[in-house]
Amino acid sequence: MAITLSGDQAIPAPPLAPRLTPTQVWGIILLAPYLLVFLAFVVYPVCYGLWLARAPSNYVALYHDPIFARAAVNTLIFLVIGINIKMLIALFLSGFFAQQRPWIKWLSVIFILPWAVPSIPTILSVRFMFNPEWGVVNHLIFNLTGEDGPNWLNDPTVALTMAIGVHIWKSLPFWTLILMTGRLAIAQDLFEAAEVDGASWWQKFRFITWPSMQTLYITCTLLSMIWTLGDFNSVYLLTGGGPADLTHVLSTLGIRYLRLDQLSLAMASIVCAIPFVLPLMYFMMKRLSR
């Protein structure tokens, strides 16, 4: 290709630069499998679920279903009460495990086991322990008092409380470790100076630890709420949504509709969790962007 000027003089055009460098080509080649997997197993299922739940009649049916209203309330209880109790306990336990003592290192190994072991055997073992007929808890009650123990999972309030307790017990080690790393990142000079000034442990926590960990704590709380919205195991493996479907949360309610062969309602119940997720994601990203 040449560029023609006035007259008969022609100047050859410079060669076209390659559109992609070899590094960029290899980047696309290595990225393509991930994109295909992401499209096949994330984008497509989400879009298909939204398409199944597209009919307004699905949400009208959910509105008139008392089990859905109960599941929404249970989800709020799980988020507001369960998560805050878990994070407060993790905050104070992080100070305990941050101590430089040899026996604490061994204790931390035992403490982390509930989180490290898979959910199915751990939660089912708790369910078996509280079995009213042959569970170890009622067996101990009978040996000590001579009376039969209660049917623990037959009361909706007790069953939901136990589900929240199992969730706290299962995920508490993880958040304790995260917050402990935040504590260890605080300069020890600040604590030494406060101790010289005669500050109490509460004053150290209030004026040194908490201001240094506030952003981390709030971010972990928001992230824990987002993950808990999808926590299927704690409720379903322990109570199965019972008794009488009164301990369902939004993450387990879809199974109930699937059992009733109502796929569109199952997808619609999951879509209804989006108003819970989006504000949490917004506030979390806003804090992280500061």
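Which ³J(HN,Hα) values, rounded to whole Hz and listed in residue order, are derived for region 29-34 from phi using the Karplus coefficients 6.51, -1.76 and 1.60 in 6.51 cos²θ - 1.76 cosθ + 1.60 with θ = phi - 60°, glycine and proline given as x?
In residue order, the calculated couplings are 4, 6, 7, 4, x, 4 Hz.
Tell me which label goes with the value of semi-axes √(5λ) of the Cα gyration tensor in Å computed from the coordinates here: [x] 48, 35, 18; [y] 38, 24, 15; [z] 44, 23, 20.
[x]
Can you compute 3J(HN,Hα) from phi for each residue in region 168-175, using the Karplus curve 6.51 cos²θ - 1.76 cosθ + 1.60 with θ = phi - 60°, rounded to whole Hz and x for Gly and Pro?
Once θ is set to phi - 60°, the couplings for region 168-175 become 4, 4, 6, 9, 4, x, 4, 6 Hz.
Starting from the exponent 0.38 and prefactor 2.2 Å, build the expected Rg for region 94-173 from its residue count and divide its actual Cα Rg by it.
Its radius of gyration relative to the 2.2 N^0.38 Å reference: 1.38.
Mind putting together the pair-distance distribution for region 209-290? All Cα pairs, 10 Å bins, whole percent per bin, short to long.
Result returned by the calculation: 17, 37, 26, 16, 4, 0.
If you project the alpha carbons of region 123-237 onto their three principal axes, what span does each projection cover, largest first, in Å?
58, 36, 20
I'd like the distance separating the alpha-carbon centroids of region 182-204 and region 226-256, in whole Å.
Taking the Cα centre of region 226-256 as reference, the centre of region 182-204 is 43 Å away.
Given the options LEU222, VAL25, VAL158, identify the residue whose Cα lies farthest towards the positive end of the charge dipole of the chain (+1 on Cβ of Lys, Arg; -1 on Cβ of Asp, Glu).
Ranked along the dipole, the leading option is VAL25.
For region 152-162, in order, what is each residue's ³J(HN,Hα) by Karplus, 6.51 cos²θ - 1.76 cosθ + 1.60 with θ = phi - 60°, in whole Hz (x at glycine and Pro)?
Per-residue couplings from phi come out as 4, 8, 8, 9, x, 5, 5, 5, 5, 4, 5 Hz.
What Kirkwood hydrodynamic radius do you get for region 51-148 when you take the inverse of the mean 1/r over all pairs of distinct Cα atoms, in Å?
Taking the inverse mean of 1/r over all distinct Cα pairs, region 51-148 comes out at 18.3 Å.
Please compute the net charge surrounding PHE97, taking Lys and Arg as +1 and Asp and Glu as -1 over other residues with Cβ under 12 Å from its Cβ.
With Lys, Arg at +1 and Asp, Glu at -1, the net is +3.
Taking only DSSP H segments of four or more residues, each worth -39500 (n - 2.57), what value at 222 nm results for the chain once the sum is divided by all its residues, to the nearest 500 deg cm²/dmol?
That calculation yields -20500 deg cm²/dmol at 222 nm.
Using Cα positions and a limit of under 18 Å, work out the aspartates and glutamates in reach of LYS170, with same-chain residues fewer than 8 apart set aside.
Here the aspartates and glutamates satisfying the reach criterion relative to LYS170 are ASP231.
If you take every residue apart from TRP201 with its C-beta less than 15 Å away from the C-beta of TRP201, what net charge results, scoring Lys and Arg +1 and Asp and Glu -1?
0
Throughout, read-outs are computed from the coordinates displayed, never taken from laboratory work. Not measured: the values here are computed from a predicted model. Positions of Cβ are generated from backbone atoms using ideal geometry, with glycine treated the same way; all protein chains shown enter the neighbour counts.
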